[in-house]
Structure formats: structure tokens, C-alpha cells
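Student: Take a look at this one; I'll ask things after.
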Amino acid sequence: MVSLFKELKRFKIKNEDVCSQCRCADSLEHTCLDCPVSVKFYEEIISWFNQKKKTKKTLSNDELLFQNYELPSSLPPHSRRQLNLLVLLAKKYVYACKFTDARPDYSQFKFYLIV
């Protein structure tokens, strides 16, 4: 079950129903796609992937949500699995940060991947 601040406010667990990162109205779409803090974090992660794989992949909102990527044929098949796992872990990390009132941090996330 995905909890949002608006539901937590309704059940009187939280006092506010706004995004803890940017103070905009909270929603699942906002957390995953629209929050400027999340968007910047995803851009940093994809930039890191591109640097490692020597490619220039960008992710649309649909690709980010559904993980249905078109990757260059020059990349080996396991790169698609790596990107899938990277995006899945990044989304989990962003969601966890939201509920601990921490900002998603690219360096911390990379450390989390290595450990």
C-alpha cells in the first residue's frame, strides 16, 4: 500500500498534506514525476548511468513509471536490466526519503548501491 501525506493527514497521523520536499500539494504523481527534488535526483541518476554506459538516455514520465525503455542496440542486454533495477531502487529511495523528511541525495544513493 502506498501512503501519501494527504491520507496520513486524513487519519490524523500528519498535520499537513503537502510534499515534504517542495511544499506542493502531495500526490503519488507529484512524488514520482513532478516534484522538482525528485526530478533533479532522477536526472542525476540517469546521468550517472549514461556516463557509465557511454550513452545518452533520457527518461520520459512513461518510461520512468513503467520502465519500458528503448535503449541503443549498441548496449548489451544486461544494461536494460541494470537500468530497470537502478530506476526501481531510485523510486524506492525517493519514496523512503519522503517519509523520513530527507532530501534524496545522489552521493548517498550511490553509496547505498555499492553497499
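Student: So Lys57 passes all but one of these: (1) part of a helix (DSSP H, G or I); (2) among the charged types (D, E, K, R); (3) surrounded by 13 or more Cβ atoms within 10 Å (Cβ to Cβ); (4) at pLDDT 80 or above. Which condition number does it fail?
Tutor: Failing condition for Lys57: (1).
Student: Still on this structure: Checking the structure you have, find out if any residue of region 74-81 is at pLDDT below 90, surrounded by 14 or more Cβ atoms within 10 Å (Cβ to Cβ), in contact with a strand residue (DSSP E or B) (Cβ under 7 Å, 6 or more places away or on another chain) and part of a loop (DSSP other than H, G, I, E, B).
Tutor: no
Student: Looking only at residues that are modelled with pLDDT under 85 and in a helix (DSSP H, G or I) in region 23-45, which one is farthest from Ala102 (Cα to Cα)?
Tutor: Glu29
Student: Same structure, new question: Pairs only if they're at least six apart or on different chains, beta carbon under 7 angstrom, first in region 84-97 and closer than 12 Å to Gln108 by Cα and at pLDDT 90 or above, second assigned to a helix (DSSP H, G or I) and among the aliphatic types (A, V, I, L, M); list them, first residue then second.
Tutor: What qualifies is Ala90/Ile45.
Student: Given the criteria in a loop (DSSP other than H, G, I, E, B) and among the charged types (D, E, K, R), does Glu70 qualify? Steps first, answer last, please.
Tutor: Values: in a loop (DSSP other than H, G, I, E, B): yes; among the charged types (D, E, K, R): yes.
For Glu70, the condition - in a loop (DSSP other than H, G, I, E, B) and among the charged types (D, E, K, R) - is met.
The values are calculated or read from the model by the stated rules, or taken from the named source; none is laboratory data. Computed from a predicted structure; not experimentally measured. So basically every Cβ, Gly included, is an ideal-geometry build from the backbone, and we count neighbours across all protein chains shown.
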